[in-house]
Amino acid sequence: MAGSGSPSLSNGTPLVGVLALQGDFREHLALLHSLGADAIAVRRPEDLARVQGLVIPGGESSVMDKLSRLFGMAEPLREAVASGLPMFGTCAGLIMLADTVRDAIEGQQTLGGFDIAVRRNAFGSQTASFEVDLDIPELGESPVHAVFIRAPVVESTGDGVTVLSALDDGRIVAVQQGNLLGTAFHPEITGETRFHEYFLESVRARS
Ligand code: GLN
């Protein structure tokens, strides 16, 4: 279909989306564009229907949850997870993908799909921003510089979940399950590109 239809179908470059209801979606979009990806902000079900992969950014999961329900995005997002659409959640985005969230606000829901339990604000809600270098062999030899901002931790993982990284004390901060990828920290704000490249590879492998 040269010259017509979606660019993702005509030139082999998949179109990826960043959920843009709340949070640091601009940073993800800028990073994806810097990697040469076709990337759009996703706010409506019509946007979601166009993309072959979706990033859910950091921000505030309880607000993202409310907005996703208010704008009729929660069900389409759940269907997209169930259909196997590759997704990458950072921090609040990881919380959105978790089957179980602890220390949620009253009535807070998640999309689910990731067979994990996460605890919100696991390092304390005010003072808990810190940076650390993590070894993540899947991403190569040099460590990943990770920034944690009021971050969750993954407290339990189901059988299909691979732990990509944990802190020295054993707390799990990066996970993968099939097409789902999640980090408790923010690779999008440190100049780290390998997580997004890894995500784009899984999108390409499927499209
Ligand atoms: N504490 C936030 C939440 O519960 C996450 C913080 C972040 O995304 N940096 O959603």
Where in the stretch 116-178 are there strands (runs of 3 or more DSSP E), lying wholly inside it, with at least 3 residues that are among the hydrophobic types (A, V, I, L, M, F, W, C) and open to solvent by 70 Å² or more (accessible area, probe 1.4 Å)?
none
Of the conditions (1) open to solvent by 10 Å² or more (accessible area, probe 1.4 Å); (2) hydroxyl-bearing (Ser, Thr, Tyr); (3) within 16 Å of the ligand (Cβ to nearest atom); (4) within 13 Å of the chain's Cα centre (by Cα), Tyr198 clears all except one; give me its number.
(3)
With (1) near the ligand (Cβ under 9 Å from one of its atoms); (2) open to solvent by less than 10 Å² (accessible area, probe 1.4 Å) as the list, and Phe88 as the residue in question, which single condition is left unmet?
(1)
Collect the residues in the stretch 91-112 that are more than 9 Å from the ligand (Cβ to nearest atom), small (Gly, Ala, Ser) and part of a loop (DSSP other than H, G, I, E, B), keeping them in residue-number order.
Gly107, Gly112
Of those in the stretch 179-192 that are under 24 Å from Arg78 (Cβ atoms) and away from the ligand (no atom under 12 Å from the Cβ), the residue surrounded by the most Cβ atoms within 10 Å (Cβ to Cβ) is Leu181
Flag for Glu60 being surrounded by fewer than 19 Cβ atoms within 10 Å (Cβ to Cβ) and within 12 Å of the ligand (Cβ to nearest atom)
yes
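The values are calculated or read from the model by the stated rules, or taken from the named source; none is laboratory data. Everything numeric here is computed off the predicted structure, so don't read it as measured data. Quick reminder, even Gly has a Cβ in these numbers, built from the backbone with ideal geometry, and neighbours come from all protein chains shown. Ligands, DNA and RNA are stripped out before the accessible areas are found, and what is left, the full protein with its side chains, is counted by its heavy atoms. Shrake-Rupley method; radii C 1.70, N 1.55, O 1.52, S 1.80 Å.
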